[in-house]
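All of the numbers you see were taken from the coordinates with simple rules; none came from a lab. Please read all numbers here as calculations on a predicted model, not as lab measurements. For neighbour counting, all protein chains shown are included, and Cβ atoms are generated from backbone atoms with ideal geometry for every residue, glycine included.
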Amino acid sequence: MTEMKRDSVDQAEVDRFSAMAREWWDPNGKFKPLHRFSPVRLGYIKREVSRHFGRNERAADAFSGLTFLDIGCGGGLVSEPMARLGATVTGIDPSPVNIEVARLHAAETGVVVDYRATTAEDVLAAGERFDVVLALEVVEHVSDVPSFLATVADLVKPGGLVIAATLNRTLKALGLAVVGAEYVLRWLPRGTHDWKKFVKPEELEAPLQEAGLTLLDRRGVVFDPLRFAWKESDDTDVNYMVLAARPKA
Amino acid sequence: MTEPVERVDVLIAGGGYVGLSAALAIAASVPGARVALADPRPWREASGDLRAFAVAAAGRRMLSALGVWSGLADEAEPVREMIVTDSRLDDLIRPVFLTFERQEEGEPLAHMLPNGPLVSALGAAAETAGVRFLTPDSVLATEQTPGGRRVRFTSGKTIIASLVVAADGARSRLRAEAGIGTNSWSYGQSGIVATVEHHRPHEGRAEEHFLPAGPFAVLPLKGGHKSSLVWSERSDIADRLVAGAPFLFEAELVRRIGHHLGDVRVIGRRQAFPLGLTLARRFTADRLALIGDAAHAIHPIAGQGLNLGFKDAAALAEVVALALRAGRDPGAADVLDEYQRWRGFDTLRMAAMTDGLNRLFSNDLGPLRLIRDFGLGLVDRLPPIKRVFADAAAGAPGALPRLVVGEPI
């Protein structure tokens, strides 16, 4: 699996992608906020998926045999950990550049992920279904939220899980995520987020329920300034995760 | 790319008690983790090593949490009482400066544990937990690649590790290869380590005499009639004592400890180690973490090195185990930063303390002799003093690695 076909790609391109991959995966680089999110986000996924499928939460290979779809996978910051835990992962992103970056990084770290530059709608149309569908930090970037969420729900097998995470449309989120992260801390390029497109928990949950899913959990993520890290919380005002399951057939 | 090279999550170079406990802690906490350990000497060959360490309560709790203490309890001699004197060599009467009997919970102050059984117990448990032993073999060189550290062994084997752990001792080859510098302090003194047999039983009592040449400790070993010595002297004197006839050594020994143990006879090897401290400037580099003597070497103050090494192993294992469970790359910079932050504090404190001691020792003023008693070795072995230090310096609760307080990761 480490063999890569690069004959048709010119070296300058490869170098450019390689540099971008390093940028994506540098914990102190441009995507620092995403990296800071990783421990709490991955911890939540590990715990909830393990519980749902009866796996050992402490194990390094707890997800073996499970299929994952990571929608909006970017450079693979979540796809790779899922694959490392043993899952068969399909990572999709509309940006071919992101996909190339993610592929390159996975080849370097020896992790196997099926990365594709495509959309959730196309994967659904192709008839593929998954045990776990992840839609992390993507809902706030799509044009038609209810229709996107219906697609997400349809991609889950009976007995499977959806985990979605996004920013809440509250003034607190506006202050922290947009003004704080983009303007004050300069964590993210200005204009990364459009507050009007942030999604309230009910707006995320309703379409999933209409598509036949059962809501299992809603959990907030807050920043702990003392530890300079994100942590789980009951406070869903800024960032939150929603867990839903499709009943067994 | 050529044919795929085998990958592991963590490769530990060095199979002493620090490397073994890190390997065991990770493998036992995270089923399915790929942990390998390389050492030129297989752990099975260590069983005859009788050098003894003072294992403090934290170390014992960690060994319990790792499931090896119950098998070691028979080998361990509890230190039930400790007397401390501050005196000059020719004082006829040594005023007993402090006496510590057992702690309030009734647990011993420490246990004296020989290295051989300790290494054997950790090795056997690590093997059961699924650690892959690459022995006898050692790391020849490593090379940083974007997705892992490529490790070449003397046997010719090559593997790629997400994280390489240097547990390869005070003169760590991996530390040098990574270009991590060290700060060293030396006192022109040496510590003599030897085992003696004595006619009268020690009754589980440890003695620490603060003599002008430095601390002198007599630590009880299993059986009641053997003790381990840690004896500081100016280096040239120490070398002569070690090289000279046993009866001269024994005569000098009796001058220092008196006659309460009856006739004493030195058994086995006498060794002298230069007293000093070597501190790595950083505990981490790209996909590399230093633990134990590779990070901070102190010779040979019984106990300190072992207990610090256990703390390193516990902290690194916790950080790595949590990363592996979440599917994170255990060698990623943000994972290693957590370890650096966690252990760096302790090390700074120790460096400051040691530097302070260096000044104290070069001074012969009376009041300073009291203060210096707080130094070498004592702090970790005398719980009330330790508590004062710990409370003042550590502050935040939860700062201790879980294994060190006896909880599983």
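Coupling constants for segment A:238-246 follow from the phi torsions by the Karplus curve (6.51 cos²θ - 1.76 cosθ + 1.60, θ = phi - 60°), and in residue order they are 9, 10, 8, 10, 10, 10, 9, 10, 8 Hz; glycine and proline get x.
In terms of other Cβ atoms within 10 Å, B:Leu221, B:Leu306 run from fewest to most in the order B:Leu221, B:Leu306. Residues in segment A:210-218 carry Karplus couplings, in order, of 4, 7, x, 8, 9, 6, 10, 6, 9 Hz; the curve used is 6.51 cos²θ - 1.76 cosθ + 1.60 with θ = phi - 60°, and Gly or Pro positions show x. Which pairs, out of A:Lys157/A:Lys196; A:Lys46/A:Lys231; A:Lys30/A:Lys196; A:Lys46/A:Lys157; A:Lys172/A:Lys197; A:Lys30/A:Lys200, put more than 21 Å between their alpha-carbon atoms? Among A:Lys157/A:Lys196; A:Lys46/A:Lys231; A:Lys30/A:Lys196; A:Lys46/A:Lys157; A:Lys172/A:Lys197; A:Lys30/A:Lys200, the Cα-Cα distance tops 21 Å for A:Lys157/A:Lys196; A:Lys30/A:Lys196; A:Lys30/A:Lys200. Put simply, the amide H of B:Ala110, placed in the peptide plane, has neighbours under 5 Å in B:Val79, leaving out anything fewer than 5 places away on its chain. Computed about its Cα centre, the charge dipole of chain A is approximately 700 debye, with only Lys, Arg, Asp and Glu carrying charge at their Cβ.
Going from the fewest other Cβ atoms within 10 Å to the most, the residues B:Glu6, A:Glu100, A:Glu202 appear in the order A:Glu202, B:Glu6, A:Glu100.
Which order results if B:Thr154, A:Thr67 are arranged by neighbouring Cβ count within 10 Å, fewest first? Please report the intermediate quantities before stating the final value.
On the way: B:Thr154 13, A:Thr67 18.
By the 10 Å Cβ count, ascending, the order reads B:Thr154, A:Thr67.
Karplus-based coupling profile of segment B:333-341, in residue order and whole Hz: 4, 6, 5, 5, 4, 4, 5, 4, 5, with θ = phi - 60° in 6.51 cos²θ - 1.76 cosθ + 1.60 and x standing for Gly or Pro.
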